[in-house]
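Report on the structure given below.
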Amino acid sequence: MKQKRLDFLSLRWDSYDRVAFFKDALSYSKNSIIMFRDFNYLRLSHKPDHIKRFPLTIKLRLSVKNHFLQQAFLLYSILLTQILLPAYLCARYRPKICVTDAPLIAAVYGIAKKIKLCKRIIYHGSDWFLVNKKKTPLKYIALFFAFYYPDYLAVSWSDLVIDVSPEVKKLRTQYWRKDVIKRGIITFPVPMQINGSTNDSHRKHICFLGKIREASGLNILLSTLPKLNEKYGVKFKLFGPENHTRDAFQKKVKEQGLESLIDFHGWINMETEQALIRDCFCGVNLLNSSEDNHSIFVTPGKVMHYMQNLIPPLITENSALPLFINLLKKNNWGITTELNPEKIKSAIEHLFKNQQFFRENLKKYAADYPYMSIVETIGKIERLESKKD
């Protein structure tokens, strides 16, 4: 019996639009494999009925204290999930359309396309690791082969490169000293589709999505929470993977006796997330300044995720692309603040009291910059191809 081929293969690493993309991909074709990265796992969100044996999750990190074993397992997971897995899927199922936002995976797709194992490649070039901080020779070599050169191959071989900010394209061109994109578009501001189960009820939770880092600014937020709770009943929900910084934050919460004000959750999947965050009126991204902060080149995924769920973001000036920050201020999609407890408290109070105002502005954003469907994306590729011809 001849193996049925795939219409659509997507290995997405950090998708800001995963809910909309998931539904769109399945409406385009049921004959699809769709996988998303979930920090510590690569999770299979859908597979066609004719594929009987396939892992639903692939673990990406090893929970051990030994640094050498952690790094060794990290290299193994990169080899498995970003090189061997896409190569196997292309060789076995010959997909018509391959989508990813990971440069290594896109480079593998490119090789597969060269030997006719897939037809079209769509690459979301959503990040660019060019920062001013000087790197050690060893770190630079590792970044070159893990990111810079795969990204070069990805944009050279893809049928369409979608950059989410003009800054990403600018930094890539600056690094290679030429425009290396074969066919590309810039979608800025990031297109958005409102999640279907959102509502206009009065909400009382602040939320944070993602991995807690030293620079996340949550300790400052924590100092404002008791007063906000006493005055308005505000509480805090935190979603993300476990790590040492999160453990330290939870310890601090316990020491201050604030457990009743904070709900800790692991990373949430598409099926359950909307029910858990639909009562949040504010999403935070309070980054400290850092030379290694790549958010200033893009619109962070967590910020778009808040907005898709009609949750206005509360962010610092350096936590997103300056062009986006300016639009956010101008259109009242959310609020920018400083890492100051009183200013953060004041901003949260303003968001709490004016929830409907900000939600209406976010609905207008979605109407003005609608999500580009897969069918429309393929049409864009065909138009660009015809122009070249």
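Which value in nm describes the separation of the simple spin-label points at Lys254 and Lys387, placed 7 Å from the Cα toward the beta carbon?
5.8 nm
Quick query: amide H of Tyr41 versus all other amide H atoms, modeled in the peptide plane; which residues come in under 5 Å with a sequence gap of 5 or more or a different chain?
Amide H neighbours of Tyr41: Leu60.
Counting other Cβ atoms within 10 Å of each Cβ, which trypsin sites (Lys or Arg not before Pro) in segment 189-250 have at most 14 and sit in a DSSP loop?
Hits after loop and neighbour filter: Arg213.
Give me the one-decimal nm value for the distance between modelled label points at Glu230 and Thr173, 7 Å along each residue's Cα-to-Cβ direction.
5.5 nm
For a quick size check, give me the Cα extents of the chain along its three principal axes, largest first, whole Å.
Projected onto the principal axes, the Cα atoms of the chain cover 65, 50, 47 Å.
May I ask what percent, to the nearest 5, of DSSP beta bridges between residues of the chain are antiparallel? Before the final figure, lay out the partial values.
On the way: 8 of 47 bridges.
The antiparallel proportion sits near 15 percent.
Between segment 165-236 and segment 58-115, what's the alpha-carbon centroid distance in Å?
One Cα centre to the other: 26 Å.
Taking amide hydrogens as modeled 1.01 Å from N in the peptide plane, which residues meet the under 5 Å criterion relative to Lys237, leaving out close sequence neighbours?
The answer is Ile206, Cys207, Phe208, Asp263.
Please list 115-124, 151-160 highest first by mean number of surrounding beta-carbon atoms within 10 Å per residue.
Descending packing order for the listed peptides: 151-160, 115-124.
Structure shown: which of Lys114/Lys169; Lys170/Lys353; Lys47/Lys254; Lys135/Lys380; Lys211/Lys363; Lys139/Lys211 lie over 30 Å apart, alpha-carbon to alpha-carbon?
Lys170/Lys353; Lys47/Lys254; Lys135/Lys380
Compute log10 of I(q)/I(0) for segment 205-368 with the Debye formula, placing one identical point scatterer on every Cα and leaving out solvent, at q = 0.19, 0.21 Å⁻¹, to two decimals.
-1.34, -1.65
No value in this document is a laboratory result; all are computed from the given coordinates. Predicted model only: the values in this text are computed from it and were never measured. Ideal geometry is used to build each Cβ from the backbone, glycine not excepted, and the neighbour counts take in all protein chains shown.
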